Ligand SMILES: [Zn+2]
């Protein structure tokens, strides 16, 4: 039996069919890749849009826009250069919004900001915050930095030195301590694993709770706090800690202070702020301190302090004059 020769026309037809199939397959794969690329682009676009809504001051396109608009305003633009990230080895740069107040190279607020290695993402208006790196005082602390909003600083100043001015003139008697709650925001920094805390609002407690060597948080104080916290809920402010004065007796957490902190301020980001409100030769600038949780169950206290306390007069000068 002999094999009939195949007509060349069939070979051509089969060849054309194979080529057509290959071309078709190629086109299908290509179009799928294209739609995947389109999807990816859309995802990136949406993500970028969401991020811009959340953190309007970061990102490239908008940062350029902000720089242009701030240049148009004739206002300087602060850029903070972060040090090399040990984990990624990438040097990051974060742009902050332009300050309304005039900032010079020597201004203390700017030099303070330059000490903050990783600015928190929740602060968008850097000029409104006085940064306090706690590493100045504490070797170990759950909170690495505190940022006081100018409204909070102004309210504390008013409360201590205006509203209760009479108390400070009781030279012959023991001056009672006064204080209140601090509301703000906290964020655990992804680089350091430590909290960064903003103090946005101060809620004072009433005088019935004042004592010469201690303050207490009565039921009136808590219900006032509840109302205020409700009021600021929309802004995402939560209880960050408490403030009280130590008129003339220096800064430290007394036994009652420790009890208050251990009972009501257990979160790792909770802080105790103290201000010595009685001016003297030993206390010309109203020293101010921030006590934090060192680690689980252990508080930082005066004996572990590295350097001098913060001067309240520096904070006051900053919120009044922006320097
Ligand atoms: Zn105290």
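Each reported figure results from applying straightforward, stated rules to the coordinates on display, with no laboratory input. Every value quoted in this text rests on a predicted model; they were computed, and no experiment measured them. Glycine gets a Cβ as well: all are built from the backbone with ideal geometry, and neighbour counts include every protein chain shown.
The value of relative contact order for region 147-205, using C-alpha pairs under 8 Å at least six residues apart, is 45 percent. A crude spin-label estimate for the pair residue 14 and residue 165, with each label 7 Å from Cα along the Cβ direction, gives 10.6 nm. Rounded is the label for region 178-323. Its Cα gyration tensor axes, ordered a ≥ b ≥ c, give a/c under 1.5. Which FRET efficiency, nearest 0.05, do residue 313 and residue 223 yield, Cβ-Cβ r, R0 30 Å? The pair residue 313/residue 223 has a calculated efficiency of 0.30. Measuring nothing but how far apart in sequence close Cα pairs (under 8 Å, 6+ apart) lie, relative to its length, region 105-321 scores a relative contact order of 21 percent.
Note on residue 121/residue 34: beta-carbon distance plugged into 1/(1 + (r/R0)^6) with R0 of 41 Å gives a FRET efficiency of 0.70. Between region 213-260 and region 300-323, the C-alpha centres lie 19 angstrom from each other. A straight chain from residue 231 to residue 285 at 0.36 nm per residue would run longer than the Cα-Cα distance by 16.1 nm.
Rounded to the nearest 5, what % of DSSP beta bridges with both residues in region 105-321 are antiparallel? Here the antiparallel bridges make up roughly 75 percent for region 105-321.
Once the Cβ-Cβ distance between residue 21 and residue 190 is put in as r, and R0 is 51 Å, what FRET efficiency do you end up with, to the nearest 0.05? Computed FRET efficiency for residue 21 and residue 190 comes out at 0.50.
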